[in-house]
Every structure is written in C-alpha cells, then in structure tokens.
Amino acid sequence: MSSSGGVITPEASTVYLISEAHSYLKAAALRAVAQLGVADHLGDDPRPVEELAEATGTDADFLHRVIRLLATIDVFRQEEDGRISLTPLGQGLRTDSRYSARWGVVMSTMHTHWSSAFELGDGLRTGKAPFPALFGEQYFDYVAGNPEAAAEFHGGMGSFSGAARRLALDEYSFPEAGTVVDVGGGTGGFLRDILLENPGLRGVLFDQAHVLPGETPRDIASERWTEVAGDFFEEVPADGDLYVLSYITHDWSDEECVRILRNCRKAMAPGARIAVFDAVVEPGNEPDDAKLLDLVMMMLVSGRERTAAEFGRIFDQAGLRLARILPAQGPLSVVEAVAV
Ligand SMILES: C[S@@+](CC[C@H](N)C(=O)[O-])C[C@H]1O[C@@H](n2cnc3c(N)ncnc32)[C@H](O)[C@@H]1O
C-alpha cells in the first residue's frame, strides 16, 4: 500500500500499519520451518499435512496453520485437495538446494537478532547498538564464546552470503593470476568459489583462529590454499594482488573500517586492488535490502550499510581511492578501491 498521491482513510491506515507490525510473524514462521527442515520432506509431489507432521515430529494442526501463512508469501502451496506442495521459491529452503536458504533464515532470525530488535527503541535513544548492553559483550566475542550461536551464525552466514555473492560474482572480473586474500573470509566458502572459477589464482583465507576450517576444500589443490589466523585490526597477510572483504565493512564503524582498510593498504602488493562485497544504500524510497541489513548492523554492532559517498570517505582516510562500483543484481554490490 502506498499513500503518496492518494487518499487513505484513518481506519485503513491503522489496519495497514498493524498488519505491517505483524510481519515479524512471517519471519517467525520461516524460522520454524527452516529449523525443522519441513521443505526437505516435500519432493515433487504434494503431501497431506498429517504425513508432513509425522515426518517432522510436529503437531499437524499447528504445522498446517504455519504453512497456510507461508503460502501467502509463495513458499508453500495448499492444493485444492488440502495437500501441501513446495513452490519453486520454497525449494530454496531445502537443505540440498544450491545456496540453500535454510541456515541463512535460521541465522537471520537467531535469538541475538530477535532480542536486540526488541530493544531497538532504546538503541535509538542511546545511539548505541542494543546487543552489547543486553548480552554483556560485543557481538563477535559472544559468537566466539558460544558454540551454538557460532554454528548458527557461521553456518547461516555461509548460505546467506553465498547466494548473494553468486549474483555479485557474475559481475566481477577477477585477476587471472596472483594471490587473493579473503579478509575475514569465515569458513572459506567464497574463497573456494573464487578459486574454482579462476584456476590461475591462489587464495589466502584470513580470519580468527577459531573460525578457520583448518583444511583445504577437497576440490582445491593444497598448494593454492593457505589459511592464516589473525586480527585484521593488527595486520592482514601481505603481498596479495586482490583483497576481498565480503560482508566485513558493514560490521564496523567508520573509524574501525579505516583501521582494517589501512592494514589492507599496507599489505597490498604494487598494483593490487581491494574488492568490497557489501550492500550499497541507494537514495530514494524504494524497498532496498540494504536498508534492512543496515538495521541489523545498528542492533548488533557498531557498523552500518553505506552509500557510495560514505564508502568514498572511508577509502580516502585509508589511503585508497574508490575506483568503481559494480551495481548489484541482489543485495550485494562490488565496491572496488585502489591505492592512491
Ligand atoms: C559477517 S562475517 C563475514 C564472513 C565472510 N566474509 C562472508 O561473507 O560470509 C564477518 C567475519 O569477520 C571475522 N572477524 C571478525 N573480527 C575479526 C578480526 N578482528 N580479525 C579477523 N577476522 C575477524 C568473523 O570471524 C567473521 O568470519
């Protein structure tokens, strides 16, 4: 619904706004079916909800009501005979689908996010992310110290960023040879994709020790894969030809980003580039995933999603120059910088 240019009655406005406030229940329903793996029990043929309930260990009436809601956003479909099928969109929830959304949905709705979202009003008053006050520590320290949260976060981040990056990867031309350093590369899914598609490149996966997988992916020759543990606020591995930062800058304040980027600048081989894979906030009032992700950053950490001008400013302060922005097909753009 849009009221710009039209007349809307007060009662229609109230009904609409309360319905919007209930939209968190769609997220809750998505989380529940993702956690329970409901989509994994739906193949090509529709199934009665009782069968699905038995297969997933759930209550048939509750499951039916959750699926009925999710059918309104085209995840499931209720056939005329009452059986349930998975839509083409819903296939993305299957664990075995390429870039499965299953764990990404679980991560996007994990308790750290829900609890912090509940306190967003306090965050607005203080100008500080609610997470540290609620949980008593910074977000990444909390994740590091809680194996369950770490599994949800890192597992989900892989699937969440995997699909978005796939769209962005098609836009970006990697160098044909040399070393790509994935700064804060997590468990290495992105670096693996880059190396598979660019056989002349070697890769360095750089992250905190407890995050690194500790083994070369089976489909990558071991001499092309190095893991380095460290802290990107101290230094990053030297002599890379391309420094990739995927979903990194949005986690940190401008000052913190400048420290990370300066360390990349110091480490870069002559002629090297930096490719930031992150959302870019566009002007205007259109729906924009970047504006949703920006609130996640506001709730949990000191970071933010940035406009092109804001990226330009943090690069300048780190001795870099914004070279170009490859526009996003999905939520991620590629923002490229070079040494000044
Ligand atoms: C949002 S995740 C992004 C992971 C990966 N690049 C991706 O796109 O899926 C942020 C990553 O930064 C890493 N990180 C956080 N603080 C770090 C630090 N001080 N030094 C190195 N890595 C750090 C985290 O462990 C995590 O893997």
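The values are calculated or read from the model by the stated rules, or taken from the named source; none is laboratory data. If you're wondering where the values come from, they're calculated on a predicted model, not measured in any experiment. Note that we place each Cβ from the backbone using ideal geometry, even for glycine, and neighbour counts take in every protein chain shown. Ligands, DNA and RNA are stripped out before the accessible areas are found, and what is left, the full protein with its side chains, is counted by its heavy atoms. Shrake-Rupley method; radii C 1.70, N 1.55, O 1.52, S 1.80 Å.
Given the criterion out of contact with any Phe, Trp or Tyr (no Cβ under 7 Å at 6 or more places or on another chain), free of Cβ contacts under 8 Å to residues at least 12 places away in the same chain and open to solvent by 20 Å² or more (accessible area, probe 1.4 Å), identify the matching residue among Glu227, Glu137. Quick ask: steps written out before the conclusion?
Numbers: Glu227 fails: free of Cβ contacts under 8 Å to residues at least 12 places away in the same chain.
Of Glu227, Glu137, the one residue that is out of contact with any Phe, Trp or Tyr (no Cβ under 7 Å at 6 or more places or on another chain), free of Cβ contacts under 8 Å to residues at least 12 places away in the same chain and open to solvent by 20 Å² or more (accessible area, probe 1.4 Å) is Glu137.
Taking the residues in region 140-169 that are among the charged types (D, E, K, R) and free of Cβ contacts under 8 Å to residues at least 24 places away in the same chain as candidates, determine which candidate is farthest from the ligand (Cβ to nearest atom).
Just the residues of region 140-169 that are among the charged types (D, E, K, R), to begin with: 141, 148, 152, 165-166.
Next cut, free of Cβ contacts under 8 Å to residues at least 24 places away in the same chain only: 141, 148.
Details: Asp141: 9, Glu148: 16 Å.
Of everything passing the filter in region 140-169, Glu148 is farthest from the ligand (Cβ to nearest atom).
With the requirement that a residue be among the charged types (D, E, K, R) and at pLDDT 95 or above, what does region 193-214 give you? I'd like the intermediate steps shown before the answer.
The first filter runs over region 193-214 and keeps only residues among the charged types (D, E, K, R), leaving 193, 197, 202, 207.
Passing the criteria: Arg202, Asp207.
Does at least one position in region 122-129 carry a residue that is open to solvent by 20 Å² or more (accessible area, probe 1.4 Å), at pLDDT 95 or above, among the aliphatic types (A, V, I, L, M) and under 18 Å from Asp251 (Cβ atoms)?
There is at least one residue in region 122-129 that is open to solvent by 20 Å² or more (accessible area, probe 1.4 Å), at pLDDT 95 or above, among the aliphatic types (A, V, I, L, M) and under 18 Å from Asp251 (Cβ atoms).
Would you point out the residue of region 266-299, among those that are within 16 Å of the ligand (Cβ to nearest atom) and over 18 Å from Leu245 (Cβ atoms), that is least open to solvent (accessible area, probe 1.4 Å)?
Among residues in region 266-299 that are within 16 Å of the ligand (Cβ to nearest atom) and over 18 Å from Leu245 (Cβ atoms), the one least open to solvent (accessible area, probe 1.4 Å) is Met299.
Just to be sure, is Leu326 within 30 Å of Phe118 (Cβ to Cβ), aliphatic (A, V, I, L, M) and not assigned by TED's automatic domain parsing to the domain that holds Ala27? It would help to see each step written out before you state the result.
Numbers: within 30 Å of Phe118 (Cβ to Cβ): no; aliphatic (A, V, I, L, M): yes; not assigned by TED's automatic domain parsing to the domain that holds Ala27: yes.
No, not satisfied.
When you scan region 170-184, do you find a residue that is within 13 Å of the ligand (Cβ to nearest atom), more than 30 Å from Gly92 (Cβ to Cβ) and open to solvent by less than 50 Å² (accessible area, probe 1.4 Å), even just one?
Restricting attention to region 170-184, the residues satisfying the condition of being within 13 Å of the ligand (Cβ to nearest atom) are 180-184.
Restricting the remaining residues to those that are more than 30 Å from Gly92 (Cβ to Cβ) gives 181.
Imposing the further condition that a residue be open to solvent by less than 50 Å² (accessible area, probe 1.4 Å) reduces the set to 181.
So far as region 170-184 goes, yes, one or more of its residues are within 13 Å of the ligand (Cβ to nearest atom), more than 30 Å from Gly92 (Cβ to Cβ) and open to solvent by less than 50 Å² (accessible area, probe 1.4 Å).
Within region 302-340, how many residues are modelled with pLDDT of 95 or more and either more than 24 Å from Arg265 (Cα to Cα) or aromatic (Phe, Trp, Tyr) (or both)?
2
Could you check region 199-218 and list, in sequence order, the residues that are away from the ligand (no atom under 16 Å from the Cβ) and open to solvent by 30 Å² or more (accessible area, probe 1.4 Å)?
If we filter region 199-218 for residues that are away from the ligand (no atom under 16 Å from the Cβ), which is where we start, we get 199-202, 215-216, 218.
Across region 199-218, the qualifying residues are Pro199, Gly200, Arg202, Glu215, Thr216, Arg218.
Any idea how many residues of region 238-265 are within 15 Å of the ligand (Cβ to nearest atom) and touching a strand residue (DSSP E or B) at 6+ places or on another chain (Cβ under 8 Å)?
13
State whether one or more residues within region 305-316 are within 21 Å of Glu256 (Cβ to Cβ) and in a loop (DSSP other than H, G, I, E, B). Write out each step before concluding.
To start, the set of residues in region 305-316 that are within 21 Å of Glu256 (Cβ to Cβ) comprises 305-316.
From the residues that got through so far, the ones that are in a loop (DSSP other than H, G, I, E, B) too are 305, 307.
Yes - at least one qualifying residue is present in region 305-316.
Sort out which residues of region 77-118 are in contact (Cβ under 8 Å) with a residue 24 or more places away in the chain, open to solvent by less than 60 Å² (accessible area, probe 1.4 Å) and either among the acidic types (Asp, Glu) or within 19 Å of Val49 (Cα to Cα) (or both), and write them in order of number.
Residues satisfying the conditions are Glu79, Gly82, Ile84, Ser85, Leu86, Gly90, Leu93, Arg94.
Collect the residues in region 231-255 that are closer than 18 Å to Tyr139 by Cα and open to solvent by less than 50 Å² (accessible area, probe 1.4 Å), keeping them in residue-number order. I'd like the intermediate steps shown before the answer.
Let us first name the residues in region 231-255 that are closer than 18 Å to Tyr139 by Cα, namely 231-233, 246-255.
Selection gives Phe232, Phe233, Ser246, Tyr247, Ile248, Thr249, His250, Asp251, Trp252, Ser253.
For every residue, the table says whether it meets (1) more than 24 Å from Gly156 (Cα to Cα); (2) in contact with a Cys (Cβ under 8 Å, 6 or more places away or on another chain); (3) at pLDDT 95 or above; (4) loosely packed, with under 11 Cβ neighbours inside 10 Å.
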| site | (1), (2), (3), (4) |
| --- | --- |
| Ile18 | yes, no, yes, yes |
| Tyr24 | no, no, yes, no |
| Leu30 | no, no, yes, no |
| Ala34 | no, no, yes, no |
| Ala39 | no, no, yes, no |
| Leu42 | no, no, yes, no |
| Asp45 | yes, no, no, yes |
| Ala60 | yes, no, yes, no |
| His64 | yes, no, yes, no |
